[in-house]
Structure formats: C-alpha cells, structure tokens
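These notes concern the structure reproduced below.
The values are calculated or read from the model by the stated rules, or taken from the named source; none is laboratory data. Predicted model, so just to flag it, every value in this text is computed and none were measured. A quick note on method: Cβ atoms are made from the backbone with ideal geometry, for glycine too, and the neighbour counts reach across all protein chains shown.
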Number of protein chains: 2
Amino acid sequence: MRIAVVGLGKAGLPLATVIADSGFEVIGVDIDDRKCEAINRGENPIPEERGLDELIKKHSGKGLIATTDYEDARECEVFVVIVPLFTDENNNPDFSILENAFRNVGKILKKRDLVVLETSVPPMTTEKRVKGWLEEESGLELESGEFYLAHSPERIMTGYSISRLKEFPKVVGGVNGESGMKAFEIYKNFIPNLHLVSSARVAEFIKLIEGCYRDVNICMANELLKIADELGIDFYEAREYANHEYCQIHLPSTGVGGHCIPVYPWFLIKEMENREKFGYARLLRTARELNDEMIEYWAERIIVECLKLDKPLSEVKICIRGITFREGVKELYHSRNLALVRLLMSKGLNVFVYDDLFSKKEMEKLELKWIEPKDADIIFDAFALKLE
Amino acid sequence: MRIAVVGLGKAGLPLATVIADSGFEVIGVDIDDRKCEAINRGENPIPEERGLDELIKKHSGKGLIATTDYEDARECEVFVVIVPLFTDENNNPDFSILENAFRNVGKILKKRDLVVLETSVPPMTTEKRVKGWLEEESGLELESGEFYLAHSPERIMTGYSISRLKEFPKVVGGVNGESGMKAFEIYKNFIPNLHLVSSARVAEFIKLIEGCYRDVNICMANELLKIADELGIDFYEAREYANHEYCQIHLPSTGVGGHCIPVYPWFLIKEMENREKFGYARLLRTARELNDEMIEYWAERIIVECLKLDKPLSEVKICIRGITFREGVKELYHSRNLALVRLLMSKGLNVFVYDDLFSKKEMEKLELKWIEPKDADIIFDAFALKLE
C-alpha cells in the first residue's frame, strides 16, 4: 500500500519516516523543492529530532520519496495531510494552506481512497471544510462511501516526535463510522498506541483541550509566581512540595509560544464567540490574555533590577538570554521571549539578545542587537526566569 | 511527651488518634462537651472515616483524653491547633475561632513549648496573628526562643484522613529556623512522609496553591463540558482520551463546595487586592466566579429538559438527587448542589430533593421538599451530572 504524506515539516517528516519504517511506500509532498531534494539525498532538515537522521538515511530515496508534485502521489490509496494552520493577528485561523493541500489531494483522489487530517484544527473543520474541498475537487461523495475521511491529530513534540509516534497514545476519529474504522485499521500498522474515538469532531476536540489544559495551567503557574514574589516566597520551593499525585502545578514562563498551545484555545474561544456563547470560554480567554501579558510583568522586573545600578537607565546593557519560544528548539513563532525583547526596545531601553541556537548575524537580520552575556550589565535568562 | 490537639473535628480527631497511636499521651480539646464525652466512651463521631473506629476504641479514655477545659492540657509540651476558619459572605476570613483557640493556648503556654497550626490560613497568619495572640496571652517572646511556632497545614480528605496522615506527603515550616526544626523532629514521630520547608509562610502558601490548582482545574473541566455540550461532543469520551501523563483534565461538577477548595483561592485573591495588586489573582478570581456560576448553567439545562414535558412548567416535579458538597460526605457547607436547589426554587419551580445520607425529616428541617426519585418527573443527579 502506498501512502502520501502531504507536508514534510516538523510534524510531517517524522510521521512520513515512521510510516516508511513500517514497510509502506511513502510519497512525501511538500512545496519546498530544496527540502524535497535534500530529503531524497538522505539529509535531515530537523537535526534536533532524535532518531530522525537514522530513519531518513534508511528510507529516503527508497521507501520514502519526497516530491513537490501531487501527481507523483496519484497511485497512493491513503493521503495524510499535515500542513501548518496559522492564525491571523486577530487569532482567527487562516485556512489557505490547508485548503490548497486538500484541493490538490481532491484532484487526484480515487474511489475508496482514505484521507486523514493530522493538523490540529478548529471544531468541525474535518467534517465541513475538508469534506467540502475534497468533494468539490474530486467529484466523489463521502456519504455514498466513495471515499473515507478521518482526523488523527498529531501529538508530536519537536525533539521527541519519533518516540511520541511509537509510544504515546494517539486518537483517530472518522467523519462517519466506516471512515473511522478504515483509518484505524491502516494507522494501527504504524501507530501502536492508537485509539478509535466516535467521530472526527471528538478527535479534533481532544487535541484542542490538551492544549487548553497546558495553557491554563501555565497561566496558573505564572499567576502563582507573581503572588509568591509579592509575598516574598520562593515559588519553586512551594511548587516542589505542593506537587504530588493530585496536584501538578506547571512551570512559569514569559508566556506561551510556538504553533500549538497559544493557538488551540483561540479555536474554541472564537467558535464559542461566533455562536454568541460569550461566557462559555471565559477561563480560556482569561488564561490566554494573562499568558500574553506576562512579558509586561517581566519587563517591570527587569526595569526594577536596572534601577539598582548606578547608571542612567537608557545606558544599562540588558541581555535577554534565550529568544526562541522553547528552550533548545530553533523556532521563533509566537515567541514571547522575542516579544519581551521588542517590548523593552519599545520602552527605549538598551536591549541585546543572546541565544545558543542563533549566530550574531542571524540576530542582526532580525534587527536585534547581539551581545555576549558577559558584556551585559543585566542578564535575564528567559527560560530559567533568572535575573543576574 | 504530652501533646494537646485543639479541635476534634473532621481534621483534628483523626490526627489526635494517629498521634496517640504513635505512643504519645494526647489531650484533645474541643468546645463540644457531648462530643468529648462520646469520644471518651470510645464512640466515633465520624463513621465515614476509614480506620477511625478502631483507633478511637484503642486509645480513647487512655492515650487520648478529650476535654473542653484547656487547663487539662497545661502539662502538654506541644499544642497542635486544628480548628475551623470560616469566611464571611464577602469571602473574608473570620479569625474569631482561631483567635479564641490560640488565646486559650497562650494562657497555659510554658517556656520551650511548641505550638503548631494545622488549619489552612491566609498568608502570614502564623507569623503575624498567631504569634501576636500567643505572645500577648503568655507573656513569652518568640524571638528570644521562649517558645516555638510552626505551621503544618492539614492535608486530609474526609474518609481517607488516616491513610493520608500515614502515607501522604505533609509539610511543616517554622516561624523561625529553630521552630521549624523542633516541629519537624516531633512531627516526624507520627507523620512518616514529612518535609521541612523554609518557613511557615511557605507552608501556608503550599496548602493554598494546592487548593487553587484544584479550583482552576475543576473550572476548566466545567468550561470544557459547556463547550463540548454546545458542540455536540461527549465531554467524558474526549476527557478519557485527552488525559495522559502530561494532561490531567479534571471532572466537571455543579461547582466546588466544602470548607477547603472554594475558600483557599480567596485567601490569595483578597491578600493581593489588599495590596492593590488587582491583576495578580485574575485567573484565580475568574475560576472562583465561574465555578460558583455553574449552578446557573445547570438550572438552564434542567429547565430546557422540563420544557420537553407536556406539563405546565410550574407543575413539573424536579428532583435534585444529591445535595451534599461531595458524594458520600454528609456535609452541606458551601454545597453548590444545595445552592442549585435554592436557585431553582427562587425561579418558582417545583423542586424536591433526595439524598441517601439524609432522611425526609432532616430535609424538611432545611425547608426542602423531599421526594422519592421514582415519583419525580425529572431527576438531576448532581454528582453524575445526569438528567433523567
């Protein structure tokens, strides 16, 4: 059986290699021709992904062929779509990339093929939008059983995606009963810890509420850190002894970044607001706003620290150490550390950055001033939340 | 060594028996003379507490003597205070019971005695209020080492208190270093899983943030249930598959009741508001309000169900099944199920109650109408959240 994986990014490429490693012929489709060529040469574009190097070397150019042309995937019977879904400045999802991918899949879709969406999406995206795009382009009808459509939200974590796919529980749900069964049977071959849920809608919701759990709990950790600071209490000591079987207080931060956690709550918040159920997502919205506002708290803490120095405030060299959205992942999407840098700059402060993962040149391209931490007057470690 | 336990309620009595069971002579002090007499006769006033019967039979009248007279505790070297702290209608703590207990302890306090507060309290209660009451009444000075004062917040759960004391992690922190050490050494004799933290203030905070974690997470479960209902999704199915090592979505409810979880967040919220840090407890306040507002959601759900019946709304017999704050615990303090009953009554609906733990007579004393569920038109199971 041939399986197409559409989207060879941080989530798609590990999945494509794991499917190939289970003995399927995989056609990987991506818009980036350089990336496709590199993959076909056996090069790994995500070096921080444990175990990916090996799988790419083993399968690329053989069981895994990368291509920019959907036509090369025409012989596939299964199409897994795992392309990014971005949100605009108002936190509304922009479906254009997803729509483009599915319309292209629709053009080559044949009777009895299975399509699985892996991208995390707002509720009912699979059963409404995706179904519509596929039916329009293919002329096939889902209700008549002419093709199958399911959702199995990716649960990867960059750096640990291969082990997540091999060990972590994953869910799959169909737009109808046969779709769920069909997707479950095929996915079971490469996802050992797989659970069939009652619908694609439930599968969508499961992924979103996981993100909400994280976002709200990180917000609570941030709030408790502020309260502890105000009371002269070491938050980390309190957290250590508060946590046990029934209490899992998270770690505080400068906010929540990346493609996932800060985005998913908005899918539910916006959906409820569109339905005029304004009060139904009040906690989620509050947590989202508070997490985004955390940079103001840290900016104030940094300024208070600067005031202790015997120097004009504008001359204090402030180094923000760590600007990625998560430690060890070279990714700036929705990075609150970067937002903190920009906030401090907007106040007229003399802000520099340092990050192990970025060169001086790369930083300067982003219009940021680079500094060796030792040359700064004050260092804020954005991951350890330590001021030195 | 003789140890006084002041307060023989649901938290104090299990602790007193566990201390007695470790070989100490325990003087239990309580204002309720009937309760003291019953305990001295070997009767257990908290039958739902697993293992308590046996410990009371074994020690009462021997290693454990209950009394209403603080004078009987004069020979004790350790005073453990575990009396209730209620909050008023504005959610401000009412310290009168606590103050009375500590002033009485102060009157019999001798040099080098240790006092430990077990009641969960607002931040800095131990180091400020309790210290003040004890010093005023005893004439002794804490700073000069004339007595010791520590806080070790109770972590019991009615029904499981004995096993909690024997197995669960517990913390203790002193108002000064010597107090912490002294309390740790003595407590270690009857609390095996004991951790010394750096101060009484940290110990207070640890207990409060545990409550906050629960309150916020129950609020999130309630919010996600509302969203799931709106989307036509089975919340419980989604929760089952969303939860794993890194995701612990709680169970929804009619709100949060009892003496602990709905009270502790207010201690932090009020403290921050008193300091004019209004934004510092915004998530905690939002969660608290939303949990209390859940009865409105359930009232609406019940009314919508009533409307399906072919009867005038005012004639539909509604049975709320389960009115205690928690299933299996005969306690109505801050019960949201009871609040739901009153809310429905205030709307002019024909509301009845049923609870396995209460007789018809007891219900009628509370001015509630009792019904056998089978005689009702609609039953709302307030624990299972099921409408029948």
Flagged in the range B:331-370 as within 12 Å of residue B:316 (Cβ to Cβ), part of a loop (DSSP other than H, G, I, E, B) and either in contact with a strand residue (DSSP E or B) (Cβ under 8 Å, 6 or more places away or on another chain) or among the aliphatic types (A, V, I, L, M) (or both), in numbering order, are B:349
Of the residues in the range B:224-251, those that are within 22 Å of residue A:252 (Cβ to Cβ) and either more than 7 Å from chain A (Cβ to nearest Cβ) or in contact with a Cys (Cβ under 9 Å, 6 or more places away or on another chain) (or both) come to B:245, B:246, B:249, B:250
Do we find that residue B:336 is among the basic types (Lys, Arg), surrounded by 22 or more Cβ atoms within 10 Å (Cβ to Cβ) and not assigned by TED's automatic domain parsing to the domain that holds residue B:11 in this structure? yes
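Let's see how each residue does on (1) more than 14 Å from chain B (Cβ to nearest Cβ); (2) more than 20 Å from residue A:207 (Cα to Cα); (3) not aromatic (Phe, Trp, Tyr):
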| residue | (1), (2), (3) |
| --- | --- |
| A:80 | yes, no, yes |
| A:86 | yes, no, no |
| A:94 | yes, no, yes |
| A:100 | yes, yes, yes |
| A:107 | yes, yes, yes |
| A:111 | yes, yes, yes |
| A:117 | yes, no, yes |
| A:120 | no, no, yes |
| A:127 | no, no, yes |
Checked against (1) at negative phi; (2) more than 26 Å from the chain's Cα centre (by Cα); (3) within 14 Å of another protein chain (Cβ to nearest Cβ), residue A:276 satisfies every condition except (1)
Check: Restricting attention to the range A:74-92, does a residue exist that is in contact (Cβ under 8 Å) with a residue 40 or more places away in the chain and of a type in the set (D, E, K, R)?
Finding: yes
Among A:179, A:199, the single one that is away from every other protein chain (no Cβ under 14 Å) and under 20 Å from residue A:143 (Cα atoms) is A:179
Picking from A:161, A:152, the residue that is hydroxyl-bearing (Ser, Thr, Tyr), within 14 Å of another protein chain (Cβ to nearest Cβ) and surrounded by 22 or more Cβ atoms within 10 Å (Cβ to Cβ) would be A:152
Over the range A:84-131, the set of residues assigned to a loop (DSSP other than H, G, I, E, B) and of a type in the set (A, V, I, L, M, F, W, C) is A:85, A:95, A:109, A:121, A:124
Residue hits (the range A:153-192; free of Cβ contacts under 8 Å to residues at least 60 places away in the same chain and touching an Asp or Glu at 6+ places or on another chain (Cβ under 6 Å)) are A:175
*Return yes or no: is residue B:351 touching a residue at least 12 places away in the same chain (Cβ under 8 Å) and at negative phi?*
yes
Residue under question is residue B:289, and the condition is that it be among the acidic types (Asp, Glu) and within 14 Å of chain A (Cβ to nearest Cβ); does it hold?
yes
